[in-house]
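Down below is the structure, laid out as structure tokens.
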Amino acid sequence: MANSIRFFLNGQKQDVVVRPDTTVLEWLRSGPRLTGTKEGCAEGDCGACSVLLGDVVDGEIRYHAANSCIMIMGQIDGRALVTVEGLKGKTLHPIQAAMVENGSSQCGFCTPGIVISLAGLAASNATADDHAIHDALAGNLCRCTGYRPIVEAARKVVEEGGASIPGPAVAAFAEMQPADEIAAFGAMFHQPRTLDDLLRLRRDRPDAVLLAGGTDLGVALADFHGDWDEVISTAHVRELRDTGETPTHLTFGAAVTWEEVLARVASLYPSFATLIRRFGSTQIRSMGTVGGNIGTASPIGDGPPALIALGAEIELASLDGRRVMPLEDFFLDYRKTALKPDEVIASVRIPRPAAGQDFRVYKISKRYDQDISTVCGAFSVVREDGIVISARIAFGGMAAIPKRVREAEAVLIGRQLDEEAGRACAAAIRDAFSPLSDWRGSAQYRRMVAANLAERFRRDLSGEMVEVMAL
Ligand SMILES: Cc1cc2nc3c(=O)[nH]c(=O)nc-3n(C[C@H](O)[C@H](O)[C@H](O)COP(=O)(O)OP(=O)(O)OC[C@H]3O[C@@H](n4cnc5c(N)ncnc54)[C@H](O)[C@@H]3O)c2cc1C
Ligand code: FES
Ligand code: FES
């Protein structure tokens with residue numbers, strides 16, 4: 001058992017004795033006093049606290065931006081952390097230099113976070129186009145400069161061939177393996193490597209926090225300044241990090257991140273990929289996992305409606321064995337699921353597209369980027385000779401749980417997807433729900449929007465409409 005957290009900070013080895021549930025932001029600013037990393041919202045929205053996290057993947061170090069305000073010290077054990085102070089060598093990092101030249105900063109509060117996000121992009125995507133630049137900036141709010149000079153600075157660096165991140169050599173990671181357990185100041189952080197070890201911990205320590213990427217749990221921790229005396233992390237569990245492909249299905253371990261899911265589904269389900277690109281920001285998608293999105297059981301989560309409409313199945317595991325169920329059966333009531341106290345979500349399995357299948361998912365939110373859905377509607381039909389032979393429709397934001405709408409599916413079966421079918425489907429959707437009113441939208445608005453999405457789906461398939469701002 002270790003009593004310290006070991007990682008690279010701006011290329012230098014660190015061995016830090018700190019409670020593992022301390023947020024990385026808090027430690028950076030109060031420990032080494034690296035105050036370039038700012039606190040804005042403290043809930044993953046503004047990007048002022050962005051840092052780069054590096055891991056060895058396929059023999060090279062890959063960095064991605066993450067929000068240090070909702071990430072805890074235990075999560076950086078064995079990894080490389082880069083703050084804005086670590087980007088500059090003898091001269092400014094090319095992104096910093098380009099931002100200065102382009103007048104890309106005014107008050108400067110957002111600037112370190114923006115520099116970090118763009119440095120992450122410049123290191124990972126040497127051919128980044130404007131979409132990729134906008135995508136990289138979706139999690140960074142600037143309230144005074146305006147984004148044009150920031151985007152121009154990014155373009156300049158990309159056109160000049162990108163820029164690497166200064167950091168440790170791959171070989172140096174060999175002696176930086178994550179500890180199985182870290183205990184400090186009365187707090188314990190477990191990092192099991194196998195599903196069996198995870199399940200034993202889950203059974204023996206039912207009160208421990210089960211942590212994946214922490215993009216949901218970390219918000220509550222940061223907001224309420226709570227303590228997590230015991231945490232079980234899924235981040236290093238091999239089986240949960242696995243992805244698999246068969247001729248009929250794709251499988252994602254529960255600890256696979258949304259950024260990783262995106263890479264796998266982009267060509268098979270482009271509409272799902274568009275949804276995932278609107279899932280939080282690069283920072284959120286790089287940490288947030290598919291299992292965490294399902295486990296949190298939010299009625300406005302984006303993954304579940306899309307996955308239900310795709311016919312996903314979920315595998316739950318405990319020391320007593322495994323069981324598989326359709327994802328729609330997992331959600332029982334508001335934030336109540338079929339998961340037993342000693343179980344974990346092991347994986348999610350989605351079928352490959354069938355012949356004649358069309359799938360679309362629509363996210364309706366107040367902002368295009370980095371916003372939670374007011375309504376999320378997912379539609380999948382399989383047609384033979386123009387006739388619908390199967391349909392799956394699911395919504396988020398319309399009920400206490402992500403919900404499949406069998407009544408609306410039934411009206412489509414055996415007919416063409418014409419105007420009349422679209423109207424019948426819309427009416428069935430309207431009748432199926434009694435949503436809540438909240439600040440995101442009234443019940444009336446939600447029912448109207450959800451019903452209209454049926455019409456949008458029909459028009460989309462008939463070629464009348466394209467994705468709004470499709471990336
Ligand atoms: C700024 C911001 C933007 C966001 N935008 C979106 C968005 O656009 N759409 C959206 O849907 N969500 C969004 N989220 C919510 C969040 O990012 C997602 O729900 C994410 O997928 C959660 O995954 P995680 O790994 O971070 O979960 P965690 O926070 O680690 O865990 C969430 C819950 O799942 C449980 N859990 C985790 N893994 C397992 C497992 N293997 N078995 C059983 N239970 C498990 C945990 O115990 C916890 O209860 C956003 C969050 C933030 C902070
Ligand atoms: S402080 Fe706003 S995202 Fe972290
Ligand atoms: S420069 Fe002031 S918030 Fe961006």
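The values are calculated or read from the model by the stated rules, or taken from the named source; none is laboratory data. Keep in mind the model is a prediction, meaning the values are calculated, not measured. We place every Cβ from the backbone using ideal geometry, glycine too, and count neighbours over all the protein chains shown. In case anyone asks, the SASA skips ligands and DNA or RNA and just uses the protein heavy atoms, side chains included. Shrake-Rupley method; radii C 1.70, N 1.55, O 1.52, S 1.80 Å.
In the stretch 36-53 there is no residue that is assigned by TED's automatic domain parsing to the domain that holds ALA172 and more than 16 Å from ligand 2 (Cβ to nearest atom). Checked against the criterion of being touching a residue at least 60 places away in the same chain (Cβ under 8 Å) and open to solvent by 40 Å² or more (accessible area, probe 1.4 Å), the candidates THR248, THR243, THR234 yield just one match: THR248.
For (1) open to solvent by less than 40 Å² (accessible area, probe 1.4 Å); (2) among the β-branched types (Val, Ile, Thr), each residue gets a yes or a no:
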site: ASP333; (1), (2): no, no
site: LEU339; (1), (2): no, no
site: VAL344; (1), (2): yes, yes
site: TYR362; (1), (2): yes, no
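Taking every residue in the stretch 19-46 that is without any contact (Cβ under 8 Å) to a residue 24 or more places away in the chain and open to solvent by 30 Å² or more (accessible area, probe 1.4 Å) and pairing it with any residue that is hydrophobic (A, V, I, L, M, F, W, C) and part of a helix (DSSP H, G or I), at least 6 positions away or on another chain, yields no pair with a Cβ-Cβ distance below 6 Å. In the stretch 190-200 there is at least one residue matching the filter, namely being at pLDDT 95 or above, surrounded by fewer than 19 Cβ atoms within 10 Å (Cβ to Cβ), of a type in the set (Lys, Arg) and part of a helix (DSSP H, G or I). Taken over the stretch 382-408, the criterion of being crowded, with 24+ Cβ neighbours inside 10 Å and either in the same structural domain as ILE300 (by TED's automatic domain parsing) or free of Cβ contacts under 8 Å to residues at least 40 places away in the same chain (or both) is satisfied by VAL405 alone. Please enumerate the residues belonging to the stretch 91-117 that are away from ligand 3 (no atom under 13 Å from the Cβ) and open to solvent by less than 50 Å² (accessible area, probe 1.4 Å). Result: HIS93, ILE95, GLN96, ALA97, ALA98, ILE116. Can you work out which of the residues in the stretch 273-327 that are within 16 Å of ligand 2 (Cβ to nearest atom) and of a type in the set (Ser, Thr, Tyr) is nearest to ILE393 (Cα to Cα)? My answer is SER281. Taken over the stretch 414-464, the residue count meeting the criterion of being assigned to a loop (DSSP other than H, G, I, E, B), open to solvent by 30 Å² or more (accessible area, probe 1.4 Å) and over 18 Å from ARG360 (Cβ atoms) is 8.
Of the residues that make up the stretch 191-214, is at least one within 16 Å of ligand 2 (Cβ to nearest atom) and under 26 Å from the mean Cα position of the chain (by Cα)? Scanning the stretch 191-214 turns up at least one residue that is within 16 Å of ligand 2 (Cβ to nearest atom) and under 26 Å from the mean Cα position of the chain (by Cα).
Yes/no per residue for (1) of a type in the set (Asp, Glu); (2) not in a loop (DSSP other than H, G, I, E, B):
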{"residue": "SER347", "(1), (2)": "no, yes"}
{"residue": "ALA355", "(1), (2)": "no, no"}
{"residue": "PHE359", "(1), (2)": "no, yes"}
{"residue": "LYS363", "(1), (2)": "no, yes"}
{"residue": "ASP369", "(1), (2)": "yes, no"}
{"residue": "CYS376", "(1), (2)": "no, yes"}
{"residue": "PHE379", "(1), (2)": "no, yes"}
